[in-house]
Ligand code: PMP
């Protein structure tokens, strides 16, 4: 077995001790804690391209990419330049700007199902607002979501939620009232019959069905053949607003997101991450008649002091424009991520582990189980102890993975074949170390 010496993380450890004194759990978002894998979080100093540098000077090949936004790698010149150019004109007006119009036009161009769009400041705001609009539009109260899908931390979504809520074992969060919970119906992912049953048991009461069309938040799980079309048909038949939460998949799996990749048109779409290029931005949009319900055009209230922020739109426009003008990068991302996924699968097989590696485009997950993973129940069969050992072994070798089994990994255009070779070497050593092979 090959093991490497532990990294020097002394500055990170000191900062974490201070952080715990002042910030709940020492982090500003639970997924950043290393609870699921052991050890302390690494505090970052800077990043460029595919590489992160921490406060102790250690360097890591980054497979998180800020949980999705950095599709062009860290600190791409075109985005930095746009931000630099925007800064001297003031950081916020609280009044309309030209860039908000340009951003809306760009989003519509790339995601044609969106006829009108509203900018917000996070993915959480986008999904919370979309559900309110769907309820206002239909005059119905209930919503269907899927076990293991995460849609931000809005009350109504913290029922059988994925990501950090899953890893920390608090899917039903204290503070969410029974009144809110009773309007959220949850069903297993990739099971059309289950959805049908719930819709029929709640006839004319379901306002919206929301899902990640490709799930990132229970680890990467792809929709089964015909599943998305089946959901589309059910929603059309029952007058339910179909919402694709493309906060992760938007502008990543294709320019037009998962809906373009699978050829399914939702009624509404929620966006985040990539549209801000790393700045705090979200958006929700969809059919004109639905979006006309939003204030001040309509009666469903939703607002934001910093929404459409001039710096955020500068970064977002720069990144989206680049993606729009370089469609070939999606083919490249797919090829290089397939190399990573295939290579990992092969290493696990050679070691007799036969782990399941799911991949769609530039997103992938290595599940520490030999069974196929189609839903949350499958994902939970993973050996999370072994995953934790693997995570630490990879970190020691300068590979920065998500510190939890139930997360997707993101590949950026800064990933090269040489870096994939480096990853695969570390993967083989770490798999052996994690399993004592
Ligand atoms: N929806 C999905 C699919 C997400 O992955 C996330 C965040 N990971 C959110 C919504 C919430 O976005 P934010 O963290 O920006 O509030």
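Since every read-out is calculated from the coordinates, none of them should be taken as a lab result. All of these numbers come straight from a predicted model, not from anything done at the bench. Backbone-built Cβ (ideal geometry, glycine too); neighbour counts: all protein chains shown.
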Computed over segment 77-325, the relative contact order (Cα-Cα under 8 Å, seq sep at least six) in percent reads 31 percent
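Obtain the radius of gyration and the Kirkwood radius of segment 328-403 from its C-alpha atoms and give Rg over Rh.
Working: Rg = 13.0 Å, Rh = 13.2 Å.
Ratio of gyration radius to Kirkwood radius for segment 328-403: 0.98.
With both partners inside the chain, how many of the DSSP beta bridges are antiparallel, as a percent to the nearest 5?
On the way: 25 of 44 bridges.
Counting DSSP beta bridges with both partners in the chain, the antiparallel share is about 55 percent.
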Across 208, 370, 254, the residue with the highest GNM fluctuation in the chain (Cα network, 10 Å cutoff) is 370
What is the packing order of peptides 323-333, 141-151, taking the mean over residues of other C-beta atoms within 10 Å and listing the highest first? 141-151, 323-333
Over the chain, what is the relative contact order in percent, taking alpha-carbon pairs closer than 8 angstrom and at least six residues apart? 23 percent
Provide, in order from the shortest bin, the percent of all Cα-Cα pairs of the chain in each 10 Å bin, continuing until the bin that contains the maximum pair distance. 5, 22, 32, 27, 13, 2, 0
Top of 60, 390, 322 by mean-square fluctuation, Gaussian network on the chain, Cα under 10 Å: 322
May I ask for the percentage of alpha-carbon pairs in segment 77-325 that lie more than 31 Å from each other? 21 percent
Is segment 118-252 best put as rounded, prolate or oblate by its Cα gyration tensor, with a ≥ b ≥ c the root eigenvalues, rounded for a/c under 1.5, and otherwise prolate when a/b is larger than b/c, oblate when not? rounded
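Can you give the direction-averaged projected area of the convex hull of the alpha-carbon atoms in segment 236-316, in nm²? Walk me through the numbers on the way to the answer.
Working: hull surface 24.7 nm².
Reported value for the Cα convex hull: 6.2 nm².
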From the C-alpha coordinates alone, can you work out the Kirkwood hydrodynamic radius of segment 295-349, in Å? 15.2 Å
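Counting only C-alpha contacts under 8 Å and six or more residues apart, can you give the relative contact order of segment 1-90 as a whole percent?
Numbers: 81 pairs, mean separation 18.7, N = 90.
Taking the mean separation of contacting Cα pairs over the length of segment 1-90, I get 21 percent.
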